[in-house]
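Quick notes on the structure that follows.
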Amino acid sequence: LLNENPAVLERLVSLCENSAYLAEEIARFPLLLDEMLDPRLYSARITAASMREDLRERLERHGSADSEQQIEILSQFQRATLFRIAVADFSGNLPIMKVSDRLTELAEIVLHHALDVAWADLIRKHGQPCFTGEFGVRTAGIGVVAYGKLGGMELSYRSDLDLVFLHNSSGTGQQTNGDKPLENSMFFGRLVRRLVHFLTTQTSSGALYEVDTRLRPSGRSGLLVVSIEGFERYQEDNAWTWEHQALLRSRAVAGDAVVAREFERIRVETLRHRVRRDQLLADVLSMRDKMRKQLDKSSATLFDLKQGQGGLGDIEFLVQYLVLKNADQHPAIIHYPDNIRQLGALGAVGCLEVDDVARLQEAYKAYRLCVHRLVLDDAPPLVSADQFADERRFVRAIWQREMCA
């Protein structure tokens, strides 16, 4: 292939010379070389619609594929699309915010299809999960809620998926309606385990994603799938401040629309009315101090972009504190789950000066871009201690004013 296509060889050498991430991807998955034969690799516009269409065409070419074959096709699609996004990123055709948008959209497309496959497998064997409530017999649904980088629409190439699973089964008669009926709680437990298996199992194209479910109520000791009612009770009675911080960067990304609406209602009510504001500042400062002690790799010569003083982590904690502090009076500031738009909302309602918001947003984007470039080169998020001096000084000044006054 390379001997017959010197232009492809030239592109390959350029990519591998300048990006350790792309070089490793090509070495692990040589089939990606086929992507380099496509003349649109450097010019085609990547959108959520084009990604969905690509997946649809790949599935249609294989006709009536079983669930394992569909996940293999899904893995090939995901790996190829990741590669195309990375090439567009490396080539300067996608700015950092758009890269995260595309990576986030890709993860959501993968989640949607993997959940559809897992759901179809379970209902073929056990039927639909049903329950009897106020309005008669209904089909129960499941919702997939994303936290962290996926929830905040800041996904990177190596990001895990932080996921929480909710269902809306309640009332009486909570079981499936097939020939081999299951209690709904067991059905949803099996469904989620199958979904996580699909997402994390190694195929010939690698695993789709690493999945972290520890942000569910009660963490590792809690149920893998929680009812909407149980989730709301937990938020009312047991959630810690750090869990409210995490809830700021959460949104429903797949599954049943009714469950998604119920989750958003609980999110809004929790962030507005269930935050313990009398201890909020102390809790946030304590958590930030603990994280810095455990994770900050800064030294006399190096600055940790994520955990160092005046870095990404400080901006994130500052935004979380100000949003949680003011959400009861200004509900608009919790509408978006990402830091950039939460900062904009804080400025719009007067919780921060507009000029300060703009400088914080620029610092945040500059840090993220630098981290992003380091990821493409398989390097840790560390830079020379003399880099970003103005940004760090400004972030520390705002931190001192808002958090230590």
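The values are calculated or read from the model by the stated rules, or taken from the named source; none is laboratory data. Worth saying up front: this structure is predicted, and the values here are computed from it rather than measured. Glycine gets a Cβ as well: all are built from the backbone with ideal geometry, and neighbour counts include every protein chain shown.
Quick rundown of the values:
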read-out	value
Qualifying residue in the range 19-34 (condition: among the polar types (S, T, N, Q), in contact with a Leu (Cβ under 7 Å, 6 or more places away or on another chain) and either closer than 25 Å to residue 195 by Cα or surrounded by fewer than 16 Cβ atoms within 10 Å (Cβ to Cβ) (or both))	no
Those residues of the range 9-18 which are in contact with a Leu (Cβ under 6 Å, 6 or more places away or on another chain) and either polar (S, T, N, Q) or within 11 Å of residue 33 (Cα to Cα) (or both), in sequence order	9
Odd one out for residue 45 among (1) basic (Lys, Arg); (2) surrounded by 12 or more Cβ atoms within 10 Å (Cβ to Cβ); (3) closer than 19 Å to residue 108 by Cβ	(2)
Yes/no for residue 336 being in the same structural domain as residue 299 (by TED's automatic domain parsing), of a type in the set (Ser, Thr, Tyr) and without any contact (Cβ under 8 Å) to a residue 60 or more places away in the chain	yes
From the options 329, 309, 387, 361, residue that is polar (S, T, N, Q), surrounded by fewer than 20 Cβ atoms within 10 Å (Cβ to Cβ) and over 25 Å from residue 244 (Cα atoms)	387
Residue list for the range 281-294, restricted to those being surrounded by 13 or more Cβ atoms within 10 Å (Cβ to Cβ) and out of contact with any helix residue (DSSP H, G or I) (no Cβ under 6 Å at 6 or more places or on another chain)	281, 285, 286, 291, 292
Some residue of the range 391-400 being aliphatic (A, V, I, L, M), without any contact (Cβ under 8 Å) to a residue 24 or more places away in the chain and surrounded by fewer than 21 Cβ atoms within 10 Å (Cβ to Cβ)	yes
Residues of the range 243-273 classified as part of a helix (DSSP H, G or I) and either of a type in the set (A, V, I, L, M) or modelled with pLDDT under 95 (or both), total	10
Per-region count, the range 223-242, residues touching a residue at least 40 places away in the same chain (Cβ under 8 Å) and assigned to a helix (DSSP H, G or I)	5
Test: residue in the range 80-92 that is closer than 28 Å to residue 250 by Cα, modelled with pLDDT of 90 or more and acidic (Asp, Glu)	no
Selected residue [without any contact (Cβ under 8 Å) to a residue 60 or more places away in the chain and not β-branched (Val, Ile, Thr)] from 318, 346	346
Cross-chain or 6+ apart pairs with Cβ under 6 Å, the range 170-181 first and closer than 22 Å to residue 262 by Cα and aliphatic (A, V, I, L, M), then buried (at least 17 other Cβ atoms within 10 Å of the Cβ) and at pLDDT below 90	none
Among the residues listed as 328, 356, the single one being in contact (Cβ under 8 Å) with a residue 12 or more places away in the chain and touching a Lys or Arg at 6+ places or on another chain (Cβ under 8 Å)	328
Qualifying positions in the range 358-380 - outside any helix (DSSP H, G or I) and either on the phi > 0 side of the Ramachandran plot or modelled with pLDDT of 95 or more (or both)	378
Residue in the range 151-170 that is in a helix (DSSP H, G or I) and at pLDDT 95 or above present	yes
Test for residue 326: is it polar (S, T, N, Q), within 28 Å of residue 145 (Cα to Cα) and under 21 Å from the mean Cα position of the chain (by Cα)	no
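Table: residues versus (1) closer than 17 Å to residue 376 by Cα; (2) outside any loop (DSSP other than H, G, I, E, B).
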residue: 33; (1), (2): no, yes
residue: 45; (1), (2): no, no
residue: 54; (1), (2): no, yes
residue: 69; (1), (2): no, yes
residue: 73; (1), (2): no, yes
residue: 81; (1), (2): yes, yes
residue: 97; (1), (2): yes, yes
residue: 108; (1), (2): no, yes
residue: 112; (1), (2): no, yes
